[in-house]
Amino acid sequence: MTDRPTYPRAEAIHCAGHRLLRGDPRRLDPARLAALAHGQFTAPERFLPLLGRAFAQVSPWERTISVQRYRPHRPRAPQGFRVRPMTCGDARQLAALVPSLRWITETWGGAHGLAASGRAWGAFTDGNQLAAVACTYWEGRAHEDVAVLTLPSFRQLGLGLACVSGLSSAVRARGRVPTWSAPRGNEASQALARAAGFRPVRTEVCYYVGRARAGAGEPVECFTTARSA
């Protein structure tokens, strides 16, 4: 979404539940953002008044961006498991994830897209049950941002770390640098990132928005920007 088709002065880019705002916020009509309700925005603070006019609730939260500084020794998978790159044949396993875990496939358009991407590693039981998966959630020219989940019954076995280690080695083989994004208060994610050789480089503020405003006269609940300690 841009304010004009050529030489745009403002842009709103969205994928799955994530939105990115850049440029001059005065050039975007709040009404055009209505379709982007109930998601998170990454945007400079100058966009906060625009978000407040477009949505009935705007809540800031902080996330930490880390870069892999050290290449960890890839841990050996526990007995009864194997860790490998995922293929098209694993789409059924991804599609079978409960709804609360399917977020990991969203930026690839769903289970089949992620399985066919060549950007995912999975941990499987000897019976071929998916236990954990790590993937490139965002891919850029120089970096690939890593996401990981472990199914609840397989946690505390080191499977997530094993998947991240395999994936990050593949990212480096593609000539890119692995990165990691996590809410500042998510200690489990931060601990896994440290174990996988990631180190924080900065903290940034994102904004979660609720429903779009129904009309110009509707009151707006808009919180001030969170600050790093």
Notebook entry, point to check: At Ala173 and Arg141, where each label point lies 7 Å from the Cα along Cα→Cβ, what is the point-to-point distance in nanometres?
Noted result: 2.5 nm
Checklist line | Å² per residue, accessible surface of the range 87-158 at 1.4 Å | finding: 48 Å²
Note to self: Can you pull out the chymotrypsin sites (Phe, Trp or Tyr not before Pro) in the range 41-79 whose DSSP state is coil and whose Cβ has at most 13 other Cβ atoms within 10 Å?
What the structure shows: Tyr70
Next item on the list: Normalising by the residue count of the range 1-115, find the relative contact order in percent from Cα pairs under 8 Å and 6+ residues apart.
Entry: 17 percent
Next item on the list: Report the extension gain between Arg102 and Glu204 in nm, rounded to one decimal, defined as 0.36 nm multiplied by the number of residues separating them, less their alpha carbon distance.
Entry: 34.2 nm
Checklist line | Degrees between helix 159-173 axis and first principal axis of the chain (Cα, 0 to 90, nearest 10) | finding: 80 degrees
Next item on the list: Taking only protein heavy atoms into account and a 1.4 Å probe, give the accessible area per residue of the range 16-60 in Å².
Entry: 44 Å²
Next item on the list: Report, in cubic angstrom per residue, the convex hull volume of the C-alpha atoms of the chain.
Entry: 140 Å³
Note to self: I need the calculated FRET efficiency for the pair Glu11 and Ala195, taking r as the beta carbon distance and R₀ as 45 Å, to the nearest 0.05.
What the structure shows: 0.80
Check: Roughly how many percent of the accessible protein surface of the range 52-139 is carbon and sulfur, given a 1.4 Å probe and a whole-percent answer?
Finding: 51 percent
Checklist line | the chain, helix-only ellipticity at 222 nm - DSSP H runs n ≥ 4, -39,500 (n - 2.57), divided by all residues, nearest 500 | finding: -5000 deg cm²/dmol
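The values are calculated or read from the model by the stated rules, or taken from the named source; none is laboratory data. Being a predicted model, the structure only gives us computed values, none of them experimental. Here the Cβ is made from the backbone with ideal geometry for all residues, glycine too, and neighbour counts use every protein chain on show. Calculation scope for accessible area: heavy atoms of the full protein, side chains included, ligands and nucleic acids excluded. Shrake-Rupley method; radii C 1.70, N 1.55, O 1.52, S 1.80 Å.
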